[in-house]
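Where a number appears in this text, it was derived from the coordinates with a stated rule and is not lab data. Owing to the predicted nature of the structure, the values given are computational and were not obtained by experimental measurement. Note that we place each Cβ from the backbone using ideal geometry, even for glycine, and neighbour counts take in every protein chain shown.
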Amino acid sequence: MILDLSKIFGKSKSSKDVAKERLQLVLIHDRANVSPQFLEMVKGEIIKVISNYMEIDESALDIQLTRTKNEEGDRVVPALIANIPIRNVKNSGK
Amino acid sequence: MGEVLVVTSGKGGVGKTTTTANIGTGLALAGKKVVLIDTDIGLRNLDVVMGLENRIVYDLVDVVEGSCRVKQALIKDKRYEGLFLLPAAQTRDKTAVKPEQMLKLCEELKDEFDLVLIDCPAGIEQGFKNAIAGANRAIVVTTPEVSAVRDADRIIGLLEANDLRNPKLLINRVRVDMVKRGDMMTIDDIIDILAIDLIGVVPDDEKIVVSTNKGEPAVTDSKSIAGQAYRNITKRILGEDVPILDLEADEGFLVKIKKMFGMKTT
């Protein structure tokens, strides 16, 4: 009953969505043979470079290794997707 | 010249042997000459699922070691014209056969049969390597569970690394009631994740247990929904264009299936 109510108010995700998200995450590492530490290192470097030009929200930064179709759409290729929220662009470059 | 099709999954217990038995029998019913090879040496089961366990004299290891001729080891299924089984050895292990020997055996059987179906053991070690050695087509069996889908992904990678391009996905034991509740991944979710083509969807069906109890593949049971799914898959393997069941539509699953097969829906 509690579960049903929370569904109506749209507060909890269905268990299959949880399954899908967990799978997508675990497969990123399975496929790329890349450790979470490696990704953390990449993340750290990206923050360093971008911080020279912009003020970013480090806590909300999200970086993932995933798979996507290539431009021709005939092959699946690995892709690095980063979501970096910008707080402020520094003007020192002008 | 026939084709060699391997049925594999990575994870155990998702229905490789049941799938092999049903597709094999389905292909024989469609008039093809088919041989099923059980490569699960030490844990053979295709013989009992097929109901042929009492007729084994020689096995796969006897054949590759040259203790008998291939023809002597093939068990002819008397119920279905053109259906044969080459059983695995039960008292040996996977190392008793090498990939080169399997390749040679498959080449030999291809001349004689329209289709050679290989039931692959679970895992990615020697047994898997043996099973795929002579294959030119592959079906990856999974169920809508994280563990099975994860292993399927790994197997797809290994098949492609071994030049078995374009493997097809079979999603087994789908429970429509759970899918509707949002408690089981949908067909689209799984295809989204694995990014390969679908060959078929087999709904969870108690009749599979009953047919396995008897040693009669469900594909021969006109009342079994899983049997119907396997008949459709058989047609797709032979190149026919049969629509995949749409589980996400609003109308009931049973209604939809019945409609699809032209039965009364009331």
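Annotations
- Counting, for every residue in A:22-30, the Cβ atoms of other protein chains within 10 Å of its Cβ and taking the mean gives 4.
- For the protein assembly as shown, DSSP calls about 30 percent of its internal beta bridges antiparallel.
- For the stretch B:126-211, radius of gyration divided by Kirkwood radius, i.e. Rg to Rh on alpha-carbons: 1.01
- Taking a Cβ cut-off of under 14 Å around A:I63, the surrounding Lys, Arg, Asp and Glu residues balance to a net charge of -3, with basic ones at +1 and acidic ones at -1.
- Potential lengthening between B:Q72 and B:E112 on full extension [0.36 nm per residue; Cα-Cα distance subtracted]: 13.0 nm
- Looking at chain B, the pairs of alpha carbons with a distance over 33 Å make up 16% of the total.
- Computed from the C-beta positions of B:E65 and A:K13, the FRET efficiency with R₀ = 56 Å rounds to 0.55.
- Sorting the segments B:99-109, B:4-14, A:21-31 by their residues' average number of neighbouring beta-carbon atoms within 10 angstrom, most packed first, yields B:4-14, B:99-109, A:21-31.
- Scanning residues 5 or more positions from B:L238 or on other chains, none has an amide H under 5 Å from its amide H, with H placed 1.01 Å from N in the peptide plane.
- Shielding by other protein chains, B:171-181, mean Cβ within 10 Å: 1
- The rule of thumb for compact globular proteins, 2.2 N^0.38 Å, goes into the C-alpha radius of gyration of the stretch B:1-62 1.15 times.
- Cα-projected label distance for B:R79 with A:R22, points at 7 Å along beta-carbon direction, nm: 3.9
- For the protein assembly as shown, the spread of Cα coordinates along the three principal axes comes to 84, 55, 37 Å, biggest extent given first.
- Taken along the Cα-to-beta-carbon direction at a fixed 7 Å, the label points for B:S222 and A:A79 span 4.9 nm.
- Placing a pseudo-label 7 Å from each Cα along the Cα-to-Cβ vector at B:V146 and B:R55 gives an inter-label distance of 4.5 nm.
- Rounded to the nearest 0.05, the FRET efficiency derived from the C-beta distance between A:E58 and B:L43 at R0 = 51 Å is 0.45.
- Remark: B:F113, A:F38 ranked as A:F38, B:F113, counting other beta-carbon atoms within 10 Å and listing the fewest first.
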